[in-house]
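Report on one structure; see the data block that follows.
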Amino acid sequence: MPDNPIYVTQPFLPPLEEFVPYLERIWQSHTLTNGGPFHQQLEEALSEYLGVKHVALFANGTLALITALQALRVSGEVITTPYSFVATAHSLLWRGNKPVFVDVEPSTLNLDPEKIEAAITPNTTAIMPVHCYGNPCNVKAIQKIADNYNLRVIYDAAHAFGVQDDGGSVLRHGDLSVLSFHATKVFNTFEGGAIVCHDAKTKQHIDHLKNFGFVDETTVVAPGINAKMSEVNAAFGLLQLKHMPEILHRRAAIDAHYREALHGVKGIHCLPQAGQHVANYAYFPILVEPDYPLSRDALYQKLKAHGIFTRRYFYPLIADFPMYRGLPSAGRSNLPVAAAAADKVLCLPIYPTLTDADVQRIVALLIDTSGAT
Ligand SMILES: Cc1ncc(COP(=O)(O)O)c(C=O)c1O
């Protein structure tokens, strides 16, 4: 094993000395959580940075998804994608909803609007699409279907921090959008997440739900949960936000480097960016096609043997996990595009401290197919 392993991602950490003054303020105030000053400042700073009306911070993205479903009182069946991180569908099970999987489009690997209508039943109440890899969904077509059938739309926007389409933030679409600030994300608060919503009343309701349902000292209006972001995480987010320009600049350069170097390599298909006016370069997915000399898994193993730890996001499909595979919509014949992508995809390393030499090393291994190791 080479002694300098490269992982699919590495969280961005600002210089430690920049974080110390934030910690000193927390120590002085003794306010550690429950909507303290850093929490409030980060909600405001993110609303401004992202160009959205309201941001409610959460302890993580999964609790934000669960709370989003609770806030909209979603019941019954929810149409969603099988091609995502498992938390998307798990949030539905936590709320007692039934996931109904619909296939994805080949170009973006996002929920295919043309296949949604056939999956709607009298029990359908919502659609939960994912802006996979930060590529915006076909939001217009999805909203049209939602309007026709009176369905709610909750976007799992865990990958879409800062992404804009030609009209502004991609987070403005649907009833609610949910972000993750997990350590692996473009913007991280160690652990964290948020719900983006459009009006103050909904924001207030969400704020109650993430604090056990308390509206004041003695009144509880719903069986809410503890999903509050702490002051340490919020403070880190404020600092991280200052570094976003350099983070995005470096990610963009790596993305361009890969695209140029891999252009024309037979059997390697770089997933195109689709519909972003501003991208976030969160992932670098390639599809390993049958005319590449190695199978996807052989390539994955070869890179691993050279200390390059890629990830097969998203393999297995959510629909293949034991708690989902018995569902009528989970069969691979219902999900041919997602199933094919899950068998071909490999996400290459992309993160701000990845050097040009690292990228060259990875590209050289992809181009040199003379041996399995
Ligand atoms: C698409 C998607 N949804 C939801 C989540 C869950 O977010 P968290 O890890 O913050 O709970 C993640 C990532 O972790 C994700 O990639």
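A few points about this structure:
- Any strands (runs of 3 or more DSSP E) falling wholly within the range 52-165 and containing at least 2 residues that are without any contact (Cβ under 8 Å) to a residue 40 or more places away in the chain and within 16 Å of the ligand (Cβ to nearest atom): 152-156
- Within the range 55-64, the presence of a residue that is within 28 Å of SER333 (Cβ to Cβ), surrounded by 17 or more Cβ atoms within 10 Å (Cβ to Cβ) and of a type in the set (Ser, Thr, Tyr) is excluded.
- Complete set of residues in the range 68-100 that are of a type outside the set (Gly, Ala, Ser) and under 18 Å from CYS137 (Cα atoms): VAL78, ILE79, THR80, THR81, PRO82, TYR83, PHE85, THR88, VAL100
- Subset of the range 277-327 (residues that are part of a loop (DSSP other than H, G, I, E, B), under 25 Å from HIS90 (Cβ atoms) and touching a Leu at 6+ places or on another chain (Cβ under 8 Å)): ASN280, THR310, ARG312, LEU317, MET323
- Looking across the range 130-155, the residues that are surrounded by 22 or more Cβ atoms within 10 Å (Cβ to Cβ), of a type outside the set (A, V, I, L, M) and touching a Gly at 6+ places or on another chain (Cβ under 8 Å) come down to ASN135, PRO136, TYR155.
- In the set (1) within 22 Å of THR80 (Cβ to Cβ); (2) out of contact with any Ser or Thr (no Cβ under 9 Å at 6 or more places or on another chain); (3) crowded, with 20+ Cβ neighbours inside 10 Å, the condition left unmet by SER177 is number (2).
- Within the range 11-29, the only residue that satisfies the criterion of being part of a loop (DSSP other than H, G, I, E, B), hydrophobic (A, V, I, L, M, F, W, C) and touching a residue at least 60 places away in the same chain (Cβ under 8 Å) is PHE12.
- Qualifying residue in the range 357-371 (condition: β-branched (Val, Ile, Thr) and either assigned to a loop (DSSP other than H, G, I, E, B) or closer than 26 Å to LEU92 by Cβ (or both)): yes
- Sole residue being polar (S, T, N, Q), farther than 20 Å from ASN135 by Cβ and surrounded by fewer than 22 Cβ atoms within 10 Å (Cβ to Cβ), chosen from GLN164, GLN204: GLN204
- Selected residue (criterion: surrounded by the fewest Cβ atoms within 10 Å (Cβ to Cβ)) from residues of the range 299-319 that are under 21 Å from LEU111 (Cα atoms) and in contact (Cβ under 8 Å) with a residue 60 or more places away in the chain: TYR313
- Among the candidates LEU46, LEU32, the residue that is assigned by TED's automatic domain parsing to the domain that holds ALA160 and part of a loop (DSSP other than H, G, I, E, B) is uniquely LEU32.
- The listed residues are PHE284, PHE309, PHE314, and the only one of them that is aromatic (Phe, Trp, Tyr) and within 14 Å of SER84 (Cα to Cα) turns out to be PHE314.
- The single condition among (1) at pLDDT 95 or above; (2) surrounded by fewer than 14 Cβ atoms within 10 Å (Cβ to Cβ) that VAL74 does not meet is (2).
- Search result, residues across the range 173-187 that are closer than 11 Å to GLY61 by Cα and more than 9 Å from the ligand (Cβ to nearest atom): SER177
The values are calculated or read from the model by the stated rules, or taken from the named source; none is laboratory data. On a predicted model such as this, the values are computed, not experimentally measured, just so you know. Virtual Cβ from ideal backbone geometry, glycine too; neighbours counted across all protein chains shown.
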